[in-house]
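Only one structure is covered here, and it is reproduced in the block below.
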Amino acid sequence: MPITQIAVSLNDIEESQLRAQGFRKDEVNLNKGAGGNNIHLWYKDESSGQSITRIQFSYTDDMAKGLSDAGYRKIDKNLNAGAGGACVYLWYYKGTTEADAAIRDLHVSTDATDEAQKVRFGWERLTCDLNQEAGGNWIYLWVKRETPVYISDVTATSTWTSDIDLLERGYTRMDDNTNKFVKNNRVYIWYLLSPDKRKAVRDLQVSTNEAEYHNIQQQGFTVVNMDLNKGTGRNEVFLWYRKDGNDPIKGMGIITDRAVKPYKEVGAGVLKMTHASSCSGSYTTFLCFYR
């Protein structure tokens, strides 16, 4: 049955209240490894009522404004409560566009091996670490849809001006800034889902220098006209897609070094993308996709 309601508990009292209302609990603590409250996701799957079709997250005021203006509903419970880090909020939407396939199950992962198995069995990972800036485990929410969907378009933004338009048209924002630690030049990748396999993107590439740019261009790929390294002073990085050739792509996301090996082992494509650094450390980000 499709999921029609989502809730979040921050303590035992709220858990008891949600249990009494018939909600089902995901047992994974959304603050795992970071301290703070024991936070849990709850949901109801029902045969009646409008299905939830999209879930997004916010951890800045600008992200929240776009979601609110586009008609998303906010669960006003900070998913980092008591752990420090960014204030992360879950938003959901009940849509009727072609991109809005009903969600029928949820799963929370806490390690890369678990993530890779979800890829293997056709789950869609939502690209936001729920321990954002709080340390601890890398926590991700996964959704399973009622019907198969495929990525039909990809784009990227570096300002908030087009968020409402993209959200209203059914796009999903990958809620992980490709410019880690460069807060004044946030770049987000977006994708559009469709049940129509004929519209699907079938291959993705990333160029990180001029030679790669021209090589991928000559292979007939279309560039997403946004430097994923914008404002960093490093090499320009571009995402490319093509709609001919391979099997259709069902999902995509951003991962770090820790997840590369298990993702590759289940057959996901992994493309080196950007390198992020700050006084607290550095790591490389990769674009992953799966068919």
Item to check | Flag for E212 being of a type in the set (D, E), farther than 20 Å from R54 by Cα and out of contact with any Asp or Glu (no Cβ under 8 Å at 6 or more places or on another chain) | outcome: yes
Item to check | Single residue of L90, L67 found to be part of a helix (DSSP H, G or I) and at pLDDT 95 or above | outcome: L67
Item to check | Matching residues, the range 85-136, being in contact with a strand residue (DSSP E or B) (Cβ under 7 Å, 6 or more places away or on another chain) and among the aromatic types (F, W, Y) | outcome: Y89, W91, Y92, Y93, W123
Item to check | Matching residues, the range 216-231, being modelled with pLDDT of 95 or more, out of contact with any helix residue (DSSP H, G or I) (no Cβ under 8 Å at 6 or more places or on another chain), surrounded by fewer than 16 Cβ atoms within 10 Å (Cβ to Cβ) and under 20 Å from Y171 (Cα atoms) | outcome: T222
Next on the checklist: So, in the range 1-26, exactly how many residues are closer than 19 Å to K94 by Cα and in contact with a Phe, Trp or Tyr (Cβ under 6 Å, 6 or more places away or on another chain)?
Outcome noted: 4
Checklist outcome for this item: Cβ pairs under 7 Å, 6+ apart or interchain, first in the range 19-47 and modelled with pLDDT of 90 or more, second in a loop (DSSP other than H, G, I, E, B) and of a type in the set (D, E, K, R), ordered by first then second residue, are H40/D26; L41/D26
Checklist entry - Out of all the residues in the range 1-18, which are under 24 Å from C87 (Cα atoms) and either among the aliphatic types (A, V, I, L, M) or at pLDDT below 90 (or both)? => result I6, A7, V8, L10, I13, L18
Checklist outcome for this item: Within the range 33-60, residues crowded, with 19+ Cβ neighbours inside 10 Å, in a loop (DSSP other than H, G, I, E, B) and either hydrophobic (A, V, I, L, M, F, W, C) or over 19 Å from the mean Cα position of the chain (by Cα) (or both) come out as A34, G36, N37, I39, S51, I52
Next on the checklist: Taking the criterion of being under 24 Å from A86 (Cα atoms) and in contact with a strand residue (DSSP E or B) (Cβ under 6 Å, 6 or more places away or on another chain), would at least one residue in the range 189-203 satisfy it?
Outcome noted: yes
Item to check | Residues of the range 254-286 satisfying the condition of being modelled with pLDDT of 90 or more, charged (D, E, K, R) and part of a helix (DSSP H, G or I) | outcome: K261, K264, E265
Checklist entry - Restricting to the range 99-118, what's the tally of residues that are outside any strand (DSSP E or B), in contact (Cβ under 8 Å) with a residue 60 or more places away in the chain and touching a helix residue (DSSP H, G or I) at 6+ places or on another chain (Cβ under 9 Å)? => result 5
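Condition check ((1) in a loop (DSSP other than H, G, I, E, B); (2) surrounded by 22 or more Cβ atoms within 10 Å (Cβ to Cβ); (3) without any contact (Cβ under 8 Å) to a residue 12 or more places away in the chain) across all residues:
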{"site": "N131", "(1), (2), (3)": "yes, yes, no"}
{"site": "N137", "(1), (2), (3)": "yes, no, no"}
{"site": "D153", "(1), (2), (3)": "no, no, no"}
{"site": "A156", "(1), (2), (3)": "no, no, no"}
{"site": "L166", "(1), (2), (3)": "no, no, no"}
{"site": "I189", "(1), (2), (3)": "no, yes, no"}
{"site": "R198", "(1), (2), (3)": "no, no, yes"}
{"site": "V201", "(1), (2), (3)": "yes, yes, no"}
{"site": "H214", "(1), (2), (3)": "no, no, yes"}
Item to check | Qualifying positions in the range 114-129 - among the aromatic types (F, W, Y) and surrounded by 19 or more Cβ atoms within 10 Å (Cβ to Cβ) | outcome: W123
Checklist entry - Across the range 139-151, which residue is surrounded by the fewest Cβ atoms within 10 Å (Cβ to Cβ) among those that are among the hydroxyl-bearing types (S, T, Y) and in contact (Cβ under 8 Å) with a residue 40 or more places away in the chain? => result T147
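The values are calculated or read from the model by the stated rules, or taken from the named source; none is laboratory data. Here the structure is a predicted model, which means the values were calculated and not measured. Every residue, glycine as well, gets a Cβ built from its backbone with ideal geometry; the counts of neighbours run over all protein chains shown.
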